[in-house]
Amino acid sequence: MFSAYLKMERRQSVRKDGTEIKTPRYAGTAQAGYFKPLKALKNAKNEIIMYYQRNDKCNPNSTAETRLQCKGGINFSSIYFLNLTIGTTLIGYGEPPKNQFFKNGKLNPFYENRNDGYLFTINSDYSTIEILIVSNGRYLIQGAAKQLADGKFDEAIKTIREQAKPIE
């Protein structure tokens, strides 16, 4: 069901001058499976860093409330919520950007995976975001989010979490 898994944990973000960055910053801490575009997202320290942004502050025309933004202004995905939860954990869904090139002319590293879908689990204090990649799941991802909330993927998620290795 899931081709890859990425666990992101919130990190304190401070500028070089010592002031705090208000946009929540997340670092990849564990990964299972393979998702080629993640290689393009790694910074010079071999880290995967994403920023959790409210769309009303950066894209008021978006129908999603939030998004995950990566280095170089790459939008990993908008996150759509359907008021689904597992206990106090929020469930969201999204998809990779589908254009071959970004507005700045750069090649989109997600283009080959444009038909994939993402499921997100976000714990209640927003300290951890888990991303589950569903190969070729773009058009079925909303239904998959509902199945996730219904517990249909509990065993698959348990297995992929056990397989996850720290990102080094």
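The values are calculated or read from the model by the stated rules, or taken from the named source; none is laboratory data. Please read all numbers here as calculations on a predicted model, not as lab measurements. Every residue, glycine as well, gets a Cβ built from its backbone with ideal geometry; the counts of neighbours run over all protein chains shown.
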query: What are the residues in segment 23-42 that are assigned to a strand (DSSP E or B), in contact with a Pro (Cβ under 7 Å, 6 or more places away or on another chain) and of a type outside the set (Val, Ile, Thr), if any?
result: Ala30
task: Might you let me know whether segment 102-125 holds any residue that is at pLDDT below 90 and among the charged types (D, E, K, R)?
output: yes
- line: Within segment 119-155, of all residues that are among the hydroxyl-bearing types (Ser, Thr, Tyr) and closer than 15 Å to Tyr52 by Cα, the one surrounded by the most Cβ atoms within 10 Å (Cβ to Cβ) is Thr121
